[in-house]
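> Okay, here's the structure, questions in a sec.
The values are calculated or read from the model by the stated rules, or taken from the named source; none is laboratory data. Treat the numbers as computed from the prediction; the structure is a model and nothing was measured. Glycine also receives a Cβ, built like all others from the backbone with ideal geometry; neighbour counts cover every protein chain displayed. Heads up: the accessible areas ignore ligands, DNA and RNA and are worked out on the full protein's heavy atoms, side chains in. Shrake-Rupley method; radii C 1.70, N 1.55, O 1.52, S 1.80 Å.
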Amino acid sequence: MAKVTKVDWQRSRNGAAHHTQEYPCPELVVRRGQSFSLTLELSRAPDCEETFIFMVETGPRASEALHTKAVFQTSELELGEGWTAAKEAQMENTLTVSLASPPNAVIGRYLLSIRLSSHRKHSNRRLGEFVLLFNPWCAEDDVFLASEEERQEYVLNDSGIIFRGVEKHIRAQGWNYGQFEEDILNICLSILDRSPGHQNNPATDVSCRHDPIYVTRVISAMVNSNNDRGVVQGQWQGKYDGGTSPLHWRGSVAILQKWLKGRYKPVKYGQCWVFAGVMCTVLRCLGIATRVVSNFNSAHDTDQNLSVDKYVDSFGRTLEDLTEDSMWNFHVWNESWFARQDLGPSYNGWQVLDATPQEESEGVFRCGPASVTAIREGDVHLAHDGPFVFAEVNADYITWLWHEDESRERVYSNTKKIGRCISTKAVGSDSRVDITDLYKYPEGSRKERQVYSKAVKRLFSVKASGRRTWIRRAGGRCLWHDDLLEPATKPSITGKFKLLEPPMLGHDLRLALCLANLTSRVQQVRVSLSGATILYTRKPVAEILHESHAVRLGRQEEKRIPITISYSKYKEDLTEDKKILLAAMCLVTKGEKLLVEKDITLEDFITIKVLGPAMVGVAVTVEVTVVNPLLERVKDCALMVEGSGFLQEQLSIDVPTLEPQERASVQFDITPSKSGPRQLQVDLVSPHFPDIKGFVIIHVATAK
């Protein structure tokens, strides 16, 4: 009677064929819809008529009815739509077999067992466990992505770039996804197992893991901690006691490992780019092509009326207690690539997913998947969460002046500022790619207006009620919408803030408000200026400017009002976002009103150079040059260094005391452990000013 005495999982061969060789786990990792090979060592050569019967199982109470269990036997050819096994080669008492899963198999950790057909009275022999992932290389898999360059970028690249800042000053931040680092695959599978759906009905939950729509929706909910013991706890108040500031994270690995080591206690704290970075790690790790997307001037439309209604006082300052909607300087989410079997092939491709807990979806804080094509075409009625995503990139931005008698008045401002410069990292380079045209047609074009009207009709049922229009939101409350449809009168002056010198961290801020009279008559303008340090959500933190000016504008005349905000004014209240919002409420002679706003991100300086060629296993020197941004002496600064393929854990390097505005260089050695383009992140951290972040891509050669 032949018995299996040893199994060779052929990790090297299978890993190369399945693009899984980077996973460091002890078990084999393969992708569905593709064959993999095993070599079995037997106690004796099997008889000619004997066949091997395999069994695979995943999850608790595995069953063939739920497609979490399969029993199949060897044949000369790989046949059938389910799991198959075929003999590849046989030499005396060794047999090499090729196993293949269907392209819609449940993903996760499997147990593989075997018995010979002649051993019907004997129990199965356990061969061990393997992990099955989604397969973007398989044309029959719902996650199939045709371009090899895109698969390399969106599945296998373990670092990336997240774009932050403001529309006029977009900055790149490095992020270490680290999906191939120690324990990360196990943690990603644990995230699925910790979900409420799995806790309530584990067998059914596992059976749904063949579907990328289901899996991504679960991950979207589990990356935040609002409804469960998810991975990251959000915090937007600017105070991070008892945790880590969102801006101090440089990648997902430390966050995921901390979640595991803390016995699944949510990690403090995250904001949108942290949630997106972590979700990108998890989905790439599971085999779904995923990228991080930044939307500048991103709307948070709480009542789904496709407008962001901002209430201000006579100085243009936001009235927080009245303003429920908001427009963030930027918001970061994910896109994943897969087919929408629930919607039809027209909606295949990129799908929006957002783990930032903003609004509930079917009672849970999650968002998506929403087809990007559906958003562009205004098909907001389609699953999932189309109205919210559509508003993020298309809502009108409407400003109301709130009077002391509690009446409101529409103020002229740029209503079409939502959804600008939607950005993601380019394939194969560090460049920024503008993908706004994937989300909407050109602003103001006939097609864009048609789509907007189509979305409004989907969202609202409209009927006349006297002179007003009564709007009923689907499934929601009613509101009068007459004054929302009336545009504010365009004033006879224009205004714009202009920087007179680059806005540098630690320096005074110098700029001017430029006013222009568009008429051939003299105009009197009352200008009320305000300024505040803000979070990236545009939530004000502290007022740093409050002044008024009376300006006389002659015919067609232009005038500048110079503005200086000293460093001492904003020093104490500047947040780690390094952002300032300026506003000017301009009241013209004839009662016209104009609101001018400008978001400013303060600039800083850091450079990173590699002094020599980088090669696996050979130390190379890195030189980092920093500048003290302040006009005062600072000490207790450090460089925080991180990078997959360079360091096992974060490196901290002390920086000598820096004199006012002193430029200094620090050198240290790293030894690359992986070849190819690798990202090294270096941040200058100080208790005296917000972190100064930098990164560099280093091309590492294989050792000769």
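> Test Ala146 against the criterion of being among the small types (Gly, Ala, Ser), in contact with a Lys or Arg (Cβ under 8 Å, 6 or more places away or on another chain) and open to solvent by 10 Å² or more (accessible area, probe 1.4 Å), and give yes or no.
Here the answer is no, as Ala146 does not meet what is asked.
> For the condition touching a Pro at 6+ places or on another chain (Cβ under 9 Å) and among the hydroxyl-bearing types (Ser, Thr, Tyr), what is the one hit in Ser252, Ser294, Ser225?
Ser225
> Residues that are among the aromatic types (Phe, Trp, Tyr) and either at pLDDT below 95 or surrounded by fewer than 20 Cβ atoms within 10 Å (Cβ to Cβ) (or both): list the strands (runs of 3 or more DSSP E) wholly contained in the stretch 621-704 that include at least 1 such residues.
663-670
> What strands (runs of 3 or more DSSP E), lying completely within the stretch 400-448, carry at least 1 residues that are at pLDDT below 95, assigned by the TED database to the domain that holds Gly277 and crowded, with 18+ Cβ neighbours inside 10 Å?
408-411
> Restricting attention to the stretch 101-118, report how many residues are assigned to a strand (DSSP E or B) and open to solvent by 10 Å² or more (accessible area, probe 1.4 Å).
Number satisfying all stated conditions: 3.
> Right, here's the next one. Give me the strands (runs of 3 or more DSSP E) completely within the stretch 505-603, filtered to those with at least 2 residues that are open to solvent by 20 Å² or more (accessible area, probe 1.4 Å) and over 28 Å from Phe163 (Cβ atoms), ordered by residue number.
523-534, 540-553, 558-565
> Here's another thing I want to ask about it. Do the conditions hold for Arg633, that is, is it in contact (Cβ under 8 Å) with a residue 40 or more places away in the chain and not assigned by the TED database to the domain that holds Gln21?
Considered against the rule, which asks whether it is in contact (Cβ under 8 Å) with a residue 40 or more places away in the chain and not assigned by the TED database to the domain that holds Gln21, Arg633 comes out as no.
> Against the definition (in contact with a Gly (Cβ under 9 Å, 6 or more places away or on another chain), part of a helix (DSSP H, G or I) and more than 26 Å from Pro136 (Cβ to Cβ)), how does Ala203 come out, yes or no?
Yes: the conditions hold for Ala203.
> Looking at (1) part of a loop (DSSP other than H, G, I, E, B); (2) at pLDDT 95 or above; (3) surrounded by fewer than 19 Cβ atoms within 10 Å (Cβ to Cβ); (4) of a type outside the set (Gly, Ala, Ser), can you tell me which one Gln237 breaks?
(2)
> Could you please tell me which pairs satisfy a Cβ distance under 7 Å, a separation of 6+ or placement on different chains, a first residue in the stretch 354-369 that is closer than 16 Å to Val215 by Cβ and of a type in the set (A, V, I, L, M), and a second residue that is open to solvent by less than 10 Å² (accessible area, probe 1.4 Å) and part of a strand (DSSP E or B)?
Filtered contacts from the stretch 354-369: Ala355/Asn224.
> Among the residues of the stretch 354-364, how many are surrounded by fewer than 24 Cβ atoms within 10 Å (Cβ to Cβ), farther than 22 Å from Arg340 by Cα and in contact with a helix residue (DSSP H, G or I) (Cβ under 7 Å, 6 or more places away or on another chain)?
Summing the residues that are surrounded by fewer than 24 Cβ atoms within 10 Å (Cβ to Cβ), farther than 22 Å from Arg340 by Cα and in contact with a helix residue (DSSP H, G or I) (Cβ under 7 Å, 6 or more places away or on another chain) in the stretch 354-364 gives 1.
> Ok, one more. What single numbered condition from (1) farther than 18 Å from Arg263 by Cβ; (2) more than 21 Å from the chain's Cα centre (by Cα); (3) open to solvent by 10 Å² or more (accessible area, probe 1.4 Å) fails to hold for Asp193?
Of (1) farther than 18 Å from Arg263 by Cβ; (2) more than 21 Å from the chain's Cα centre (by Cα); (3) open to solvent by 10 Å² or more (accessible area, probe 1.4 Å), only one is false for Asp193: (1).
> Continuing with the same structure: Do you know which residues across the stretch 193-251 are touching a residue at least 40 places away in the same chain (Cβ under 8 Å), among the polar types (S, T, N, Q), in contact with a Ser or Thr (Cβ under 9 Å, 6 or more places away or on another chain) and more than 17 Å from Ile288 (Cα to Cα)?
Ser207, Asn224
> Now a separate question. If I ask for residues that are assigned to a loop (DSSP other than H, G, I, E, B) and open to solvent by 60 Å² or more (accessible area, probe 1.4 Å), which ones from the stretch 604-616 would you list?
Phe605, Pro613
> Out of all the residues in the stretch 46-59, is one or more surrounded by fewer than 19 Cβ atoms within 10 Å (Cβ to Cβ), modelled with pLDDT of 95 or more, among the polar types (S, T, N, Q) and in the same structural domain as Arg109 (by the TED database)?
No, every residue in the stretch 46-59 fails to be surrounded by fewer than 19 Cβ atoms within 10 Å (Cβ to Cβ), modelled with pLDDT of 95 or more, among the polar types (S, T, N, Q) and in the same structural domain as Arg109 (by the TED database).
> Next up: Determine whether Ala391 is at pLDDT 80 or above, part of a helix (DSSP H, G or I) and of a type in the set (Gly, Ala, Ser).
Criteria met by Ala391.
> Restricting the search to the stretch 170-200, which residues are charged (D, E, K, R) and in a helix (DSSP H, G or I)?
Listed by number, the list holds a single entry, Asp193.
> Something else now. Let me spell it out: the conditions are (1) without any contact (Cβ under 8 Å) to a residue 40 or more places away in the chain; (2) under 28 Å from Val282 (Cβ atoms), and Ala391 meets all of them except one. Which number is the exception?
(1)
> Tally up the residues in the stretch 209-234 that are open to solvent by less than 40 Å² (accessible area, probe 1.4 Å) and either farther than 23 Å from Gln351 by Cβ or modelled with pLDDT of 95 or more (or both), please.
Qualifying residue count for the region: 18.
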